[in-house]
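Working notes for the structure below.
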Amino acid sequence: MIYFSLPMFATNLTFNNAISNFLKFYPQACNFSNGDIATNYGNFPYSYWDGNVNNNHGGDIALYGDIMLIRGVCKKPIRLTCSNIYLEEKDLYDVHQNVIFDLLKDCGNFIEISNLQFYSYIKEKYPGYNFIFSENADLIHPFTEEILNTILEQNIFSFITLPKRLSENDDFLFNLKHKNKYEIIICDKCCCNNIEFKQECSAKEQQYQINFSNKTMYQNCDKINKYKDAQKDISKINELHKMGFNYFKIDCCPMKDIITFNNFLIDLLIKPEYQKKFYQEVKING
């Protein structure tokens with residue numbers, strides 16, 4: 001199987017669920033013969049344990065009732081990004097984060113971390129979670145094959161996410177052992193710091209005057225020009241899967257609008273001949 005993790009579970013849950021449902025009922029529509037959505041990743045506003053310090057993700061502080069609602073509605077496991085490399089021992093007792101973890105502790109969800117001290121705290125207090133080792137740890141101790149093998153020997157992580165510099169290094173990936181224990185980052189062009197492409201995205205946003213609310217999200221998706229490199233991304237994923245890699249994390253530029261990114265997801269995951277049907281399905285159900 002090829003497993004994808006989709007971003008922005010708190011702010012893009014409706015769309016992520018639509019993708020998951022569509023591929024479940026129309027598996028033949030997937031660009032990958034054995035593709036599936038594994039998790040929805042991200043965090044709630046003002047999550048200090050997240051990859052960015054005190055990251056609010058551009059939203060209001062999460063209400064705990066909303067968290068319970070998301071827990072019930074999310075079609076796939078939630079993957080909480082808790083990979084802040086600056087965490088200290090005192091930060092482990094953050095009340096907001098501990099309440100969130102307590103609310104989600106019995107759902108078979110995942111936690112993405114870069115701090116082994118943090119792992120010990122969570123594992124003891126909330127033993128129901130699965131763990132992923134974050135690419136952010138590469139910022140502390142740059143990953144080498146030796147370091148990665150040492151981490152895998154501890155047998156505490158479901159898999160390790162490789163940073164972009166290694167996800168795009170074909171020689172390193174080819175020689176890597178235990179490929180089924182690693183996750184590869186796949187990102188749209190705006191994540192690659194392509195200035196021209198970012199300007200093009202911005203121009204499209206102004207042209208179509210996109211409304212970012214859930215009510216008009218789907219109606220606007222099919223108005224945006226298709227990504228020219230979708231086939232290259234699909235071919236790359238299939239090649240990596242043949243090499244033994246099963247997990248892929250879809251990355252999103254924090255400054256990118258949600259509709260343009262969802263258009264990227266559609267092109268990546270759904271065959272062109274089924275995309276019109278997808279739009280029809282989500283308009284009927286959304």
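The values are calculated or read from the model by the stated rules, or taken from the named source; none is laboratory data. Quantities reported herein were computed from a predicted structural model and do not represent experimental measurements. Cβ coordinates were reconstructed from backbone atoms using ideal geometry, including for glycine residues, and neighbour counts include every protein chain displayed.
Is it true that SER120 is of a type in the set (S, T, N, Q) and under 19 Å from PHE248 (Cα atoms)? In short, no.
Summed over region 132-157, the residues that are over 15 Å from SER114 (Cβ atoms) and touching a residue at least 24 places away in the same chain (Cβ under 8 Å) give a count of 3.
Report whether or not ARG79 is of a type in the set (Lys, Arg), at pLDDT below 85 and within 25 Å of PHE15 (Cα to Cα).
The answer is no for ARG79.
Go through the residues of region 262-271 one by one and say whether even a single one is crowded, with 17+ Cβ neighbours inside 10 Å, part of a strand (DSSP E or B) and at pLDDT 80 or above. Yes, region 262-271 contains at least one residue that is crowded, with 17+ Cβ neighbours inside 10 Å, part of a strand (DSSP E or B) and at pLDDT 80 or above.
Here is the figure for region 16-52: residues that are in contact with a Cys (Cβ under 6 Å, 6 or more places away or on another chain) and among the aliphatic types (A, V, I, L, M) total 1. Looking at region 173-188, is at least one residue more than 27 Å from ILE78 (Cβ to Cβ), free of Cβ contacts under 8 Å to residues at least 40 places away in the same chain, surrounded by fewer than 18 Cβ atoms within 10 Å (Cβ to Cβ) and not aliphatic (A, V, I, L, M)? Scanning region 173-188 turns up at least one residue that is more than 27 Å from ILE78 (Cβ to Cβ), free of Cβ contacts under 8 Å to residues at least 40 places away in the same chain, surrounded by fewer than 18 Cβ atoms within 10 Å (Cβ to Cβ) and not aliphatic (A, V, I, L, M).
If I filter region 102-121 for residues that are surrounded by 13 or more Cβ atoms within 10 Å (Cβ to Cβ), at pLDDT below 90, within 30 Å of ALA18 (Cα to Cα) and of a type in the set (A, V, I, L, M), do I get at least one hit? So far as region 102-121 goes, yes, one or more of its residues are surrounded by 13 or more Cβ atoms within 10 Å (Cβ to Cβ), at pLDDT below 90, within 30 Å of ALA18 (Cα to Cα) and of a type in the set (A, V, I, L, M).
Can you name the residue in region 131-184 that is in a loop (DSSP other than H, G, I, E, B) and of a type in the set (A, V, I, L, M, F, W, C) and, of all such residues, is farthest from TYR41 (Cα to Cα)? Here the residue is LEU176.
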